[in-house]
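What follows is a short report on a single structure.
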Amino acid sequence: MARWHGAKVKELVAKLGAPTTRSRLSNGEWVYTYARTSTVRGPSGPERFSCVVNYRVDARGELVVGHRIQGC
């Protein structure tokens, strides 16, 4: 995920598609959220799996400056 740091947000969206959500932080940065869920076969039956990746984009909305991963 760190390979996206410094990349143009247009490149991120071209590769990953439209984000699940997009929100603005109080400091002007944007957060592009990509969330995916699926069901996988676990030892005791189906288990739900989710992955959320938040990419921080600078205040001008041009460059990815950070990311955070949850549940992947």
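One table, with the values for the structure above:
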{"item": "At 1.306 mPa s and 10 °C, Stokes diffusion of the range 9-55 via Kirkwood alpha-carbon radius, µm² per second", "result": "127 µm²/s"}
{"item": "Relative contact order for the chain, counting Cα pairs under 8 Å that sit 6 or more residues apart, in percent", "result": "32 percent"}
{"item": "FRET efficiency for Ala59 and Ser38, using Cβ-Cβ distance with R0 set to 30 Å, rounded to 0.05", "result": "0.35"}
{"item": "Cβ charges +1 (Lys, Arg) and -1 (Asp, Glu), total dipole of the range 7-72, debye", "result": "100 debye"}
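Laboratory data are not the source of any read-out in this text; all were calculated from the coordinates shown. Because the structure is predicted, anything quoted here is derived from the model rather than measured. FYI the Cβ positions are ideal-geometry reconstructions off the backbone, even for glycines, and counts take in every protein chain you see.
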